[in-house]
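Enquirer: Would you mind keeping the following structure in view while I ask a few things?
The values are calculated or read from the model by the stated rules, or taken from the named source; none is laboratory data. Bear in mind that the values here come from a model prediction, so they are computed numbers and not experimental data. Positions of Cβ are backbone-derived with ideal geometry, glycine not excepted, and every protein chain shown enters the neighbour counts.
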Amino acid sequence: MRGFFNEKLQIAGIASDSKWNEFKVNTLLQNSKQKQPSINAYLGARYSRSADSIIDIAKEIIENNTDAADRLEKIFHGYGHKSVGDMADLFVCVENIPMITAMKIFYLNSVIAGQERSTRYQDFKEPKFIRISEEVCKEKKIREEYDKIILKQMNDYTRLLEMTKKALKKYYKISEDEKSVLQARSFDVARYLLPMGLQTSMGAVMSARNWSELISYLSAGDSVVDNEVGNLLLNLLGKSDIEIPGYIREADGLIRHTDANYCRKESTKEVLEYIKKDLSSQREYISEGCEKRSCTISYNSNTIDTLLTHYELLLNPLGSSNELEYDENDSKNLGKILFKNHCHHNLLGNIAQSGAIKIEGMSSLGTLKDLNRHRSMERFVPLFHDEIDIDNELNRDSKDCFFLCNYLEIEELKELRAEYMNVLCGTYDSIKQWREVSQEFMDEELSREYTKYLLPHAHSTRYCFYASFDDLQYTINLRVKPGGHIAYRELVYSWLELLNDMDCIWSSLLESIPEPDIHSREQFLDRS
């Protein structure tokens, strides 16, 4: 890997020198002359043990030329790394990673502020995507077939995007001065064809504590991409043998406990082995046809049921034939597994998240990409976990593996819908065949990882969200209004309808919010 520092822009970065990827991590510095985040953290730590104003404390530190980073090292034992590390924010951009990796980073971190490149503004004429290196798979035919599937998806995207523009223009009677709206909505429909292995970039602001935990988690994962990104982040933000002249690492003393943490992997492995003995087979999957019809909402009353359901969904992502039954003895045995592996230093993560109101269903990855940003919600998505049984995820007819954009439900667009159905069914047939053959030439973990990169944005997968009353009213008010993607507008509106069925307290909100209408020209044009 190689580092660089631009003093004028106050940006430092490290790029991978591997031949199979173009990963880069950059950090936007607050002050390239000093460790400002470390100073902020030290000021906060001193503030908690003083009766003085922050002004007096800061003045004392400056007048005495105190080395904040050095002092932080000495007071860790008194304050604990996490409370101090939470006060040092770092702005980092991770570039040229697979789209599903960016989704996973947002998914794993509930305390994160960030943005990802929108597919609307990318040039896909010469698409860049994550490749399979010879070190990962020596069999040339496997690598070539993988590339062929992705390039096929990109050709489908380019061809159907033009067809979609023409069809939407005709149906909604789009004039010349409304072309920009047409372009955006056409991208919204065609993006369902884009594979998750396409390169994207994202920027995020998190505390030193959260970056440390992310590095530790990525380093312990099965994914070669996760491992590489974790290593780049560590060398950019933490103590490193890679010297970057002029770059002062802002909080290297706070990037700690970054060794690969295998606690989640170990506990998940043990729990799955335990529940397999009583787990029924995966039920036959029957597609509901669209995202909103697959959704259910309930009050979540049993945290342990929720936890075990999450583990079960890693084995049977489409659901089990019968509910998993467990007794008091099972609970004790599972508790021994979990508390052996986890404590206040080693959390279970998303698999143990739950909340007052449970929203569960099947959704396209494209819709989840948008809803995943509501990080006040607790979220569990089996596909984002290494331990998911990817074969059971794909164990359904190809036509049931995906959702299409809601605009394609319009009767006048049925021929266009048929074309989308045709190309996506072909894509899934190829993905399933590649998955089967690739296992003969690649490690199971690698075959599973690269299968995920082949999945299109249209891919239908399980989600379990948990929210408070306030989380839901915020999300509904924000996401149902015209201007956003029609898919999440319709899905979130269905949440509201189901909530109203549960309790009439939601009736006032339901009456005040216009229902998304795929036939409405006014809503189609509304970008507010």
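Enquirer: Report yes if Asp222 is in contact (Cβ under 8 Å) with a residue 60 or more places away in the chain and within 21 Å of Leu338 (Cα to Cα), otherwise no.
Expert: yes
Enquirer: Suppose we filter Asn392, Asn350 for residues that are in a helix (DSSP H, G or I), under 18 Å from Ala220 (Cβ atoms), touching a strand residue (DSSP E or B) at 6+ places or on another chain (Cβ under 9 Å) and not aromatic (Phe, Trp, Tyr); which single one remains?
Expert: Selected residue: Asn350, the only one of Asn392, Asn350 that is in a helix (DSSP H, G or I), under 18 Å from Ala220 (Cβ atoms), touching a strand residue (DSSP E or B) at 6+ places or on another chain (Cβ under 9 Å) and not aromatic (Phe, Trp, Tyr).
Enquirer: Right, here's the next one. Would a scan of the stretch 384-394 turn up a residue that is surrounded by fewer than 17 Cβ atoms within 10 Å (Cβ to Cβ) and farther than 22 Å from Leu313 by Cβ?
Expert: No, because not a single residue in the stretch 384-394 is surrounded by fewer than 17 Cβ atoms within 10 Å (Cβ to Cβ) and farther than 22 Å from Leu313 by Cβ.
Enquirer: Among the residues in the stretch 308-322, are any surrounded by 12 or more Cβ atoms within 10 Å (Cβ to Cβ), of a type in the set (Val, Ile, Thr) and within 20 Å of Gln353 (Cβ to Cβ)?
Expert: Yes - at least one qualifying residue is present in the stretch 308-322.
Enquirer: Checking the conditions here, which among Asn422, Asn392 is free of Cβ contacts under 8 Å to residues at least 40 places away in the same chain and not acidic (Asp, Glu)?
Expert: Asn422
Enquirer: Look through Ala467, Ala487 and report the one residue that is touching a helix residue (DSSP H, G or I) at 6+ places or on another chain (Cβ under 6 Å) and surrounded by 23 or more Cβ atoms within 10 Å (Cβ to Cβ).
Expert: Residue meeting the stated conditions: Ala487.
Enquirer: Have a look at Ile304, Ile337, Ile275, Ile351 and point out the one that is farther than 30 Å from Pro516 by Cβ, in contact with a His (Cβ under 7 Å, 6 or more places away or on another chain) and hydrophobic (A, V, I, L, M, F, W, C).
Expert: Result of the check over Ile304, Ile337, Ile275, Ile351: Ile351.
Enquirer: Further question on the same structure: Working only within the stretch 476-512, note down all residues that are in contact with a strand residue (DSSP E or B) (Cβ under 7 Å, 6 or more places away or on another chain) and modelled with pLDDT under 95.
Expert: Once the filter is applied, which keeps residues that are in contact with a strand residue (DSSP E or B) (Cβ under 7 Å, 6 or more places away or on another chain) and modelled with pLDDT under 95, the stretch 476-512 yields nothing.
Enquirer: Keeping to the stretch 268-299, report how many residues are part of a loop (DSSP other than H, G, I, E, B) and either closer than 30 Å to Cys405 by Cα or under 21 Å from the mean Cα position of the chain (by Cα) (or both).
Expert: Adding up the residues that qualify gives 10.
Enquirer: Okay, next question. Take Asp305 and decide whether it is over 22 Å from Glu95 (Cβ atoms), without any contact (Cβ under 8 Å) to a residue 60 or more places away in the chain and assigned to a helix (DSSP H, G or I).
Expert: Yes, satisfied.
Enquirer: Next question, about the same structure. Can you work out which of the residues in the stretch 326-372 that are crowded, with 16+ Cβ neighbours inside 10 Å and of a type in the set (Lys, Arg) is farthest from Leu404 (Cα to Cα)?
Expert: Ranking the candidates gives Lys358 first.
Enquirer: A further question on this structure: Just wondering, is there one or more residues in the stretch 111-125 that are modelled with pLDDT of 95 or more and either of a type in the set (A, V, I, L, M) or surrounded by fewer than 19 Cβ atoms within 10 Å (Cβ to Cβ) (or both)?
Expert: No; the residues of the stretch 111-125 include none that is modelled with pLDDT of 95 or more and either of a type in the set (A, V, I, L, M) or surrounded by fewer than 19 Cβ atoms within 10 Å (Cβ to Cβ) (or both).
Enquirer: Then there is this: How many of the residues making up the stretch 18-51 are surrounded by fewer than 18 Cβ atoms within 10 Å (Cβ to Cβ) and assigned to a loop (DSSP other than H, G, I, E, B)?
Expert: Of the residues in the stretch 18-51, 12 are surrounded by fewer than 18 Cβ atoms within 10 Å (Cβ to Cβ) and assigned to a loop (DSSP other than H, G, I, E, B).
Enquirer: Next question, about the same structure. Give the number of residues within the stretch 176-204 that are among the hydroxyl-bearing types (Ser, Thr, Tyr), at pLDDT 95 or above and more than 17 Å from Arg117 (Cβ to Cβ).
Expert: Residues that pass the stated criteria total 2.
Enquirer: On to the next question. Within the stretch 375-388, does at least one residue satisfy the condition of being among the hydroxyl-bearing types (Ser, Thr, Tyr), in contact (Cβ under 8 Å) with a residue 24 or more places away in the chain and assigned to a helix (DSSP H, G or I)?
Expert: No, the stretch 375-388 contains no residue that is among the hydroxyl-bearing types (Ser, Thr, Tyr), in contact (Cβ under 8 Å) with a residue 24 or more places away in the chain and assigned to a helix (DSSP H, G or I).
Enquirer: Hand me the list of helices (runs of 4 or more DSSP H) wholly inside the stretch 434-528 holding 3 or more residues that are of a type in the set (A, V, I, L, M).
Expert: 469-479, 486-502
Enquirer: Could I ask something else about it? Identify, from the list Asn227, Asn210, the residue that is touching a residue at least 12 places away in the same chain (Cβ under 8 Å), outside the structural domain of His345 (by TED's automatic domain parsing), of a type outside the set (Ser, Thr, Tyr) and farther than 27 Å from Asp429 by Cα.
Expert: Unique residue meeting the criteria: Asn210.
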